[in-house]
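Here's the structure we're looking at; comments come further down.
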Amino acid sequence: MWRAAVIFIAIYLGLIFCKRWRPQIAWFGIIAALLVGALRPAEILSGVNWNVMGIFIGSLILAELFIYSKVPETISDRLINHSPNLGIAFLYIIGFASVLSIFIENVVTVLIVAPIALELSRKANVSPVPVIIGLAVSSNLQGVAILIGDTPSMILAARMKMNFLDFFIYNGKTGIFFLVQAGAVAGLAVLYFFLGRNRHQSETVPVTKVRSWLPVWMIVISILLLSVASCVDSDFKWFGGTVCMAIGLFGLLWYVVKVESSSRDLLMNLDRGTAAFLAAVFILVAMLENRGAVDALVARLDVLAGLNTFVIYTVVVWFSVLVSAFIDNIPYVTAMLPVVIGFSEKLGLPGEFLVFGVLIGSCLGGNITPIGASANLVSVGILEKVGHHVSFLDFVRIGFPFTVAATGVSYALLWLIYHP
């Protein structure tokens, strides 16, 4: 147990200081665990949640096809042309990016929408810094809203055996989707303070022509099939991954025929690093569970058992915010879910109560600092390329109030709806 725990902590420290090498660090840790006997070779295959991996990879393919379709640019152009002024145009773009990131990986969303915001800023001769940071933090916020939104939501679904519809209504109560949307509205209100007062008339932009609507229909079909997954696969073991991979492969075939080109370029754009990292994290957390490290940590949490439920809930949410402000939320969420589930069982609390708290805290907490999420780093890099230096405090000036407002609203609603 201690060897497994030490290796996991060492990997976590490596991830804090070397985010660019996440997959390599995680897999190096797996090799080290094999060498010292903390991990068995058979656990490498059994530890990976292949259903989640199928959903993740299939969703990446569909996202790339969606980008190829030019539908995101078309919608964004139309929103700009219907804006009364520049500030509202920026907020429309951020709101659209927020919705888009429900279905597309956050970094990709920023890369798609940022050029539009930069061009508007250039024409109006205003700083693009607030709008690009707003794009990043709004995109991060929506990651856990639905099952295919981002990696943490898939991890949540796997651990809690949740289907697509459970994100909207869970055990007869308002689901996490609506909690996130309430936070998004609060966050957008904060961004209005930075952007909404810009009354310059926005420039009319030419509307991008849609290449094809088929990728949109493929996403719709995948969502519809995922919504009935519990009827076919109540244990969340195979159906979702199979559906997403099958539709993704069909999309690749369509792309090859449509573009009359190899699918190699499209596949090369996929986030293979995160896929490898996710698989490695599954293996490492399974190692902790199998060696008894998770049970040992749950036992150590007895010190919290005598506290008021509200205090425990508050500690879980805001500790998750603090941690995710500086380190990746994928290993944190994967490792913490079994811990809080075990702790909830010990205290007789509903399993989803603290679990949803971890998700809200970790997914929204990454917005405080430029190093809290990959999309934040990308947004800062984009601004640097066009000559706008963004310091750590420049980012925090927007990210901190956005996070406090968005998390605070979601945190309050979650307590009101789910507290025992």
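At full extension, I223 and S127 could sit 30.7 nm farther apart than now, given 0.36 nm per residue minus the alpha carbon distance. By the beta-carbon count within 10 Å of each Cβ, the least crowded to most crowded order of S324, S121, fewest first, is S121, S324.
Take S227, S362 and order them by how many other Cβ atoms sit within 10 Å, fewest up front.
In order of increasing Cβ crowding within 10 Å: S227, S362.
This ranking places T274, T109, T334 by how few other beta-carbon atoms lie within 10 Å of each, fewest first, which gives T274, T334, T109.
Magnitude of the charge dipole for the chain, about its Cα centre and with charges confined to Cβ atoms of Lys, Arg (+1) and Asp, Glu (-1), is about 440 debye.
Beyond 29 Å between alpha-carbons counts as too far, so tell me which of K123/K209; K237/K346; K161/K209; K173/K346; K70/K161; K209/K237 fall in that bin. Too far apart for the 29 Å limit: K161/K209; K70/K161; K209/K237.
The helix-based estimate of mean residue ellipticity at 222 nm for the chain, built from -39,500 (n - 2.57) per DSSP H run of four or more residues and divided by its residue count, is -23500 deg cm²/dmol to the nearest 500.
Translational diffusion coefficient, Stokes-Einstein: compute it for the range 1-132 using the Kirkwood radius over C-alpha pairs as Rh, at 25 °C and 0.890 mPa s, and state it as an integer in µm² s⁻¹.
Details: Rh = 18.2 Å.
Roughly 135 µm²/s, to the nearest whole number.
Taken over the Cα atoms of the range 123-228, the convex hull encloses 137 Å³ per residue. Counted residue by residue at 0.36 nm each, then reduced by the alpha carbon distance between them, the extension gain from A189 to I9 reaches 61.0 nm. Of P152, P350, A286, which is farthest on the positive side of the dipole of the chain, counting Cα position, with +1 on Lys and Arg Cβ, -1 on Asp and Glu Cβ, and the Cα centre as origin? Working it through, the farthest residue towards the positive pole turns out to be P152.
Between G292, G149, G408, the GNM of the chain built on Cα springs shorter than 10 angstrom shows G292 fluctuating the most.
Note on the chain: dipole from Cβ charges, positive end direction compared against V315, A124, A38; the farthest Cα belongs to A124.
Where a number appears in this text, it was derived from the coordinates with a stated rule and is not lab data. Please read these numbers as outputs of a predicted model, since none were measured by experiment. Ideal geometry is used to build each Cβ from the backbone, glycine not excepted, and the neighbour counts take in all protein chains shown.
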